């Protein structure tokens, strides 16, 4: 019932898949395992490309685990929890290999942050997005730099302020969060396969140099994201009041 993170490596591709029975939400344990899996795939010589996906055909990710948020009683506990998102984002940012994101369904909060941090994200037309943090008394502080970098300040501000409203997958594609949309999961998987096949045949050194170029100017996230986690850790103490 606590979910899991699994990695399968075959023919140069590392498939990292996470699952949680509550909409593929993200408790601390899964966040820790995701960051570790990304770091391990980055260090594995036979891996040339990474695919990040979640299990099932419905929600891609429901964001932070509400069960764990309700249990937080101090700012320190809150900061530690949100550092889990910081570790995942920084692991993807530092990773020298391209990461493809596969988003098969709705994407909330931290899930939007992951979709924004992968190097290229493919999704279905059912992959609506929402940054719901303000609606429960927090704010998208840790995922904010990743989302703003990908879609720009204006679109990020819309998502962050309109915290109770879903934005369509087409809206997300038009802002650059998703590179391509597909009508269903089968078509999505075909698109992912085609892209992965092409990239696995590309020059690994060139891809590594491109990744450094794409992420230039983000080294300060090693300090910024913990600062943002501390803000969320303080505000999460109001979670119960706003989430009723």
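The values are calculated or read from the model by the stated rules, or taken from the named source; none is laboratory data. Worth saying up front: this structure is predicted, and the values here are computed from it rather than measured. We place every Cβ from the backbone using ideal geometry, glycine too, and count neighbours over all the protein chains shown.
Which of the residues that make up region 1-27 are surrounded by fewer than 17 Cβ atoms within 10 Å (Cβ to Cβ) and more than 24 Å from residue 202 (Cα to Cα)?
Selection gives 1, 2, 4, 6, 19, 21, 22.
Return the pair list, or none, for Cβ contacts closer than 7 Å from residues in region 63-77 that are touching a residue at least 60 places away in the same chain (Cβ under 8 Å) and on the phi > 0 side of the Ramachandran plot to residues that are surrounded by 12 or more Cβ atoms within 10 Å (Cβ to Cβ) and assigned to a loop (DSSP other than H, G, I, E, B), at least 6 apart or on different chains.
63/25; 63/109; 63/132
Among the helices (runs of 4 or more DSSP H) confined wholly to region 173-244, which include 1 or more residues that are under 28 Å from residue 67 (Cβ atoms) and modelled with pLDDT of 95 or more?
Because the criterion is at least 1 residues that are under 28 Å from residue 67 (Cβ atoms) and modelled with pLDDT of 95 or more, the helices (runs of 4 or more DSSP H) in region 173-244 that meet it are 185-200, 221-235.
So that you can scan it fast, the table gives a plain yes or no per residue for (1) surrounded by fewer than 23 Cβ atoms within 10 Å (Cβ to Cβ); (2) in contact (Cβ under 8 Å) with a residue 60 or more places away in the chain; (3) in contact with a strand residue (DSSP E or B) (Cβ under 6 Å, 6 or more places away or on another chain); (4) farther than 30 Å from residue 237 by Cβ:
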| residue | (1), (2), (3), (4) |
| --- | --- |
| 103 | no, yes, yes, yes |
| 123 | no, yes, yes, yes |
| 128 | yes, no, no, no |
| 149 | yes, yes, no, no |
| 166 | yes, yes, yes, no |
| 188 | no, yes, yes, yes |
| 198 | yes, no, no, yes |
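Given the conditions (1) assigned to a helix (DSSP H, G or I); (2) surrounded by fewer than 21 Cβ atoms within 10 Å (Cβ to Cβ); (3) within 18 Å of the chain's Cα centre (by Cα), and given that residue 58 satisfies all but one, which numbered condition is not satisfied?
(1)
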